[in-house]
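A.B. asks: Just passing along the structure, written as structure tokens.
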Number of protein chains: 2
Amino acid sequence: MFSQPAVRTDPIRYPVSTRTAPPAQSRASDDLSRGVNPLTRAMQMMGTAMSFPRNTEIFGENEPADYVYQVISGSVRTYKILNDGRRQVAGFYLPGDIFGLEFAEGHTFSAEAIADTKAILVKRSALMALATGNATISRELLAITGRELRRVQDHVLLLVKSAQERVVTFLLEMAERARAGITVELPMSRQDIADYLGLTIETVSRTLTGLESAAAIEVPTSRRIVLRNRSALRQLNG
Amino acid sequence: MFSQPAVRTDPIRYPVSTRTAPPAQSRASDDLSRGVNPLTRAMQMMGTAMSFPRNTEIFGENEPADYVYQVISGSVRTYKILNDGRRQVAGFYLPGDIFGLEFAEGHTFSAEAIADTKAILVKRSALMALATGNATISRELLAITGRELRRVQDHVLLLVKSAQERVVTFLLEMAERARAGITVELPMSRQDIADYLGLTIETVSRTLTGLESAAAIEVPTSRRIVLRNRSALRQLNG
DNA sequence: CGATGCGTTGATAACTTTCAAATTTAGTGG
DNA sequence: CCACTAAATTTGAAAGTTATCAACGCATCG
């Protein structure tokens, strides 16, 4: 232990002027508004859209958790650097997903844009104030937190599986979340996947190769996975 | 995979008459009331105390989540049986802890008493109704869920560590939660610990023996651990 | 065209599990 | 309270899985 290199990602810090004090940019009330819940609607009313280039930090661990975020386009990873220098990815957030909501002062994890990403920011205090007078919003906040809880619980269940089961579960989950057909476009690198699954990139790579040999998937490019045999995959997912 | 025996614990089902429709037993408003938060006070006002003998089921996975529970005395494990028959323990709950709060219809996990346990039950619907008209209770519910979220996030971070780190982290956490001095009384078996840490009982046992050899702990009885060298343990905990 | 980053593949080492058996502890009936 | 039985825990040896170290291929970008 205490063995690995300190850092493997290189988050290019976005210029501070743009990162803090979100400027009043475009109101975002476009595609994501279709028949959504009251909270999403409220966020889009109250929020400010902001862009984050690929690999830039959105917020850092322990920074004041003053804003709540919703992904409009692109994708986001949250993570923590462990004492031994390894990085643990806590979650991936795709368009429509809400992240960064905290109940303590500071953020539990850091967040970075995986690809060029647009997100809506809403002041947490504003959201909390809104919730105080509005039982619907209040319930919705509780529901979001409940879903996040469920997601993390599933992450726990993932981490006790074998390497192959972890990779398969990940692929099936990404396919479902991205509402993909049989072809999944992965926004994240092998390193991101490995750090989410608690594996090394070599193991992830070898497992994908193995699944391809078994005709369960195809990997035409490293970021594109074709699910050739979903029922076989479901068998393998533990 | 798909290899292990189906069951390793043998939950003796408590007689149905006692398990369902909580009878109006003793009001529980004793030791735990000392300067606690409004939600705990509310639960103790509204709730019904109920006893669960060791190894009995408190609720089962997917059963309607109609009640929220607070441990008075004893301790509780929540868990899920995985497809391959292994059991994953999701969490341990000690006196004062709240468990069983859900945001969907059914329970995510099963819950069992580890030792003879007394708990307060409150109808979830009553709690939710109370929260609707009371911003303080509402915030408190959100805070509880936030703490549970944090706990599960920590569990994720635990599961990517080495076996020794997992065991050490577990011991330090239990010592803190039980407000123990240097001697920790573990309410749960090696199997419970192993299933929580994602290890086998053999690995847990060997690791404890190793820590004892390294003079970091003593194990006078299997359920009693003396933390002989906390700073050494903190070094080892990753 | 060379540098650079990302992904894959191979060989070996480290760690954890599995299988087996011994030992200790706890529970039960007399 | 003691003896007996079952359950829990510990220990050992071997096998299996994943990590580590190293090298190579491929694509991108200046």
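Since every read-out is calculated from the coordinates, none of them should be taken as a lab result. Because the structure is predicted, anything quoted here is derived from the model rather than measured. Every residue, glycine among them, receives a Cβ derived from its backbone with ideal geometry; neighbour counts consider all protein chains shown.
A.B. asks: Put the label 7 Å from Cα along Cα→Cβ for B:ASN55; what are its distances to the other copies, in nanometres, shortest first?
C.D. replies: 5.7
A.B. asks: Separate question: Put a label point 7 Å from Cα along the Cβ direction on B:GLY106, then list its distances to the equivalent points in the other copies in nm, shortest first.
C.D. replies: When each copy's label point is compared with this one, the spacings are 4.0 nm.
A.B. asks: A follow-up question, please. Karplus couplings for the range A:79-85 from phi (6.51 cos²θ - 1.76 cosθ + 1.60, θ = phi - 60°), rounded to Hz, Gly and Pro as x?
C.D. replies: These are the phi-based 3J(HN,Hα) values: 7, 9, 8, 7, 4, 8, x Hz.
A.B. asks: Treating the beta-carbon of each Lys and Arg as +1 and of each Asp and Glu as -1, no other charges, what is the dipole magnitude of the range A:163-236 about its Cα centre, to the nearest 20 debye? Mind dumping the intermediate values first?
C.D. replies: Details: 10 positive and 9 negative charges, 40 e Å.
Dipole about the Cα centre, nearest 20: 200 debye.
A.B. asks: For B:ARG224, place a label point 7 Å out from Cα along the Cα→Cβ vector, do the same in each other copy, and report the separations in nm, one decimal, smallest first.
C.D. replies: B:ARG224 label point versus its equivalents elsewhere: 6.6 nm.
A.B. asks: Still on this model: Note down the net charge around A:ILE217, summing +1 for each Lys or Arg and -1 for each Asp or Glu among other residues with Cβ under 10 Å from its Cβ. Walk me through the numbers on the way to the answer.
C.D. replies: Values: positive: A:ARG228, A:ARG230; negative: A:GLU212, A:GLU218.
Net charge in that neighbourhood comes out at 0.
A.B. asks: Straight-line reach only, C-alpha to C-alpha below 28 angstrom: list the lysines that B:LYS123 could link to, leaving out same-chain residues fewer than 8 apart.
C.D. replies: Output for B:LYS123: B:LYS80.
A.B. asks: A follow-up question, please. Counting other beta carbons within 10 Å of each Cβ, put A:MET188, A:MET46 in order, fewest first. Please report the intermediate quantities before stating the final value.
C.D. replies: Numbers: A:MET188 19, A:MET46 15.
Placing the least packed residue first, the sequence is A:MET46, A:MET188.
A.B. asks: Continuing with the same structure: If we count every other residue with Cβ under 9 angstrom of B:VAL89's Cβ, Lys/Arg +1 and Asp/Glu -1, where does the sum land?
C.D. replies: Working: positive: B:ARG77, B:LYS80, B:ARG87; negative: B:ASP192, B:ASP195.
Here the charged neighbours net out to +1.
A.B. asks: Starting at the first residue of the range B:195-202, write each ³J(HN,Hα) from the Karplus equation 6.51 cos²θ - 1.76 cosθ + 1.60 with θ = phi - 60°, in whole Hz, x for Gly and Pro.
C.D. replies: 5, 6, 8, x, 10, 8, 4, 4
A.B. asks: Taking the Cβ of B:GLU105 as the centre, find all other residues whose Cβ is under 10 Å away and add up their charges (Lys, Arg: +1; Asp, Glu: -1).
C.D. replies: On the way: positive: none; negative: B:GLU63, B:ASP66, B:GLU102.
Taking every Cβ under 10 Å from that of B:GLU105, the sum is -3.
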